[in-house]
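Okay, so here's the structure we're looking at.
The values are calculated or read from the model by the stated rules, or taken from the named source; none is laboratory data. The structure displayed is predicted, hence computed values, not measured ones. Glycine also receives a Cβ, built like all others from the backbone with ideal geometry; neighbour counts cover every protein chain displayed.
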Amino acid sequence: MADVIAWMQNALQGQAGGTELLNDFATTSWAWISETVPAVPVYYAQPDEAVFYRAVTNTGDESLESMEVPAVPLSSAAHASPPPAFLLLPYGGVRGSGMADNRILDHQVISPPRWRQINNIYATLRKTSPEVPLLPSGTAGAAAPSGVTPQGLPVNFSADFEKWSSLLLGKDASKTPSRLRITDLGRDSQLRAALQSNKLFLVISKPDELKTHFGEHDAGTAGWNFSLDLDLWEKNNTILIFKYQDRPLRDLVEQTTQWALADTFNKPVDDTRRRLSQLIRDALATAVADAAPIKKEKWRELARAALIPQWSGILALNVPVGLPAELSGLAAGIKGDALTARYFGIDSSPVTPKNAVLNAGASSFFGLIDYSNKEPPELSDSGLIRSASRAPTNSRCRRARRFRKWRS
């Protein structure tokens, strides 16, 4: 066991560029489902540290309790021969401190390929068998349930759990708040599958999987509006990241085998990795002692997210920004069609249970808007600066704003 742990530590410290952590040095066991009744088993992706939660009902308590949420049906020995197998780390004979080491090995090495294998088993089952309901007939409740994902995101389900009706990523603190919300995630949704993993690192640069699901894509703070409109992603090189792993962002960026469904959400994966890696390096370069104070201030929040293993949240890069009304005059000096935020992040969105109902509070936002243009303005025949819609330039125009908006 000591040799396996030593190998694991070396692999995790030295791995980069997408090398698969699980290799032929350390082998593992495989498991499959055997049943004596002609029923299709249903997989619940809920380890102890990554359960769904719901408001406690019928007690008057303002607290949360665990919630069982079915994920996908699986094949068993009754439906396939040989039955499809998935990875399962052996715990027999492991005692004392070895148990903690085994759990780390399971989370960081075994879990990602096991999750991919289970996803593949379901995909194969769908091709060969009729769709199987997630809940037995007659067991669905009358009311549509709501809960909180393992990442702390409020979610509403259909009564039979076949659809995630609404998933809230964040909202602002205004009286009529704008929201970042994903809707109508069916059982086949790859995003839904990824969000059920216990250690999530999801990078999305190709938004095809989000189309028709991301109708509410704006968030605002202090009059600034940040848009994740999918039609603008390609033009602005927008990237969206869900980081819910206790490892530094800068390490996870380099290890593409740890990304959830990397090939589904990115094309090509290595190009996305290079872009992310460069942005992280730029941010960390300002964290050194001799960096200019203004640079440290601008990139401080991204450097914090990149270096602190325990940081978790949602991060978007290259996000189009709408100016507050009182600053709309600056638009004439901004070259191009839109101003973009270098980064925009959501630390958390508090959820409070009350009277058996979950209430989502305002999110904690952070980000950086940094724009500079030294080109002389283009003048019309009358000698006036051309309007922003025709030639939006401005001499020595600079706008830099780093912000942190805590929830009220």
(request) Collect the residues in region 196-218 that are out of contact with any strand residue (DSSP E or B) (no Cβ under 8 Å at 6 or more places or on another chain) and either modelled with pLDDT under 85 or in a strand (DSSP E or B) (or both), keeping them in residue-number order. (result) Gln196, Ser197, Asn198, Glu209
(request) Output the residue which, of all residues in region 219-261 that are at pLDDT below 90 and assigned to a helix (DSSP H, G or I), is nearest to the chain's Cα centre (by Cα). (result) Gln258
(request) Name the single residue, out of those in region 361-370 being in a strand (DSSP E or B), under 18 Å from the mean Cα position of the chain (by Cα) and touching a residue at least 60 places away in the same chain (Cβ under 8 Å), that is nearest to Asn318 (Cα to Cα). (result) Gly367
(request) Among the residues of region 304-339, count how many are at pLDDT 90 or above, among the β-branched types (Val, Ile, Thr) and surrounded by 15 or more Cβ atoms within 10 Å (Cβ to Cβ). (result) 3
(request) Find all pairs meeting these conditions: Cβ atoms under 6 angstrom apart; at least six residues apart or on different chains; first residue within region 286-307 and more than 19 Å from Phe344 (Cβ to Cβ); second residue surrounded by 15 or more Cβ atoms within 10 Å (Cβ to Cβ) and at pLDDT 85 or above. (result) Ala287/Ala303
(message) So, in region 155-188, how many residues would count as being closer than 16 Å to Phe214 by Cβ and either charged (D, E, K, R) or buried (at least 18 other Cβ atoms within 10 Å of the Cβ) (or both)?
(response) 16
(message) Against the definition (out of contact with any Asp or Glu (no Cβ under 7 Å at 6 or more places or on another chain) and more than 26 Å from Ala262 (Cβ to Cβ)), how does Pro150 come out, yes or no?
(response) no
(message) Checking the conditions here, which among Ala55, Ala39 is modelled with pLDDT under 80 and among the aliphatic types (A, V, I, L, M)?
(response) Ala39
(request) Return the residue satisfying two criteria in turn: it lies in region 83-101 and is in a helix (DSSP H, G or I) and at pLDDT below 80, and of such residues it is surrounded by the most Cβ atoms within 10 Å (Cβ to Cβ). (result) Gly98
(message) Among (1) under 16 Å from the mean Cα position of the chain (by Cα); (2) charged (D, E, K, R); (3) surrounded by fewer than 18 Cβ atoms within 10 Å (Cβ to Cβ), there is one condition Glu216 misses while meeting the rest; what is its number?
(response) (1)
(message) Can you say whether Ala142 is assigned to a loop (DSSP other than H, G, I, E, B), of a type in the set (Gly, Ala, Ser), at pLDDT below 90 and out of contact with any Cys (no Cβ under 7 Å at 6 or more places or on another chain), as far as the supplied structure shows?
(response) yes
(request) Specify which of the listed residues (Ser146, Ser205) is in contact (Cβ under 8 Å) with a residue 60 or more places away in the chain and crowded, with 20+ Cβ neighbours inside 10 Å. (result) Ser205
(request) Tell me which residues, restricted to region 208-237, are within 21 Å of Asp172 (Cα to Cα) and in contact with a Leu (Cβ under 9 Å, 6 or more places away or on another chain). (result) His213, Phe214, Glu216, His217, Asp218, Ala219, Gly223, Trp224, Asn225, Phe226, Leu228, Leu230
(request) Answer yes or no as to whether Leu191 is surrounded by 21 or more Cβ atoms within 10 Å (Cβ to Cβ), in contact with a strand residue (DSSP E or B) (Cβ under 8 Å, 6 or more places away or on another chain) and either assigned to a helix (DSSP H, G or I) or modelled with pLDDT under 85 (or both). (result) yes
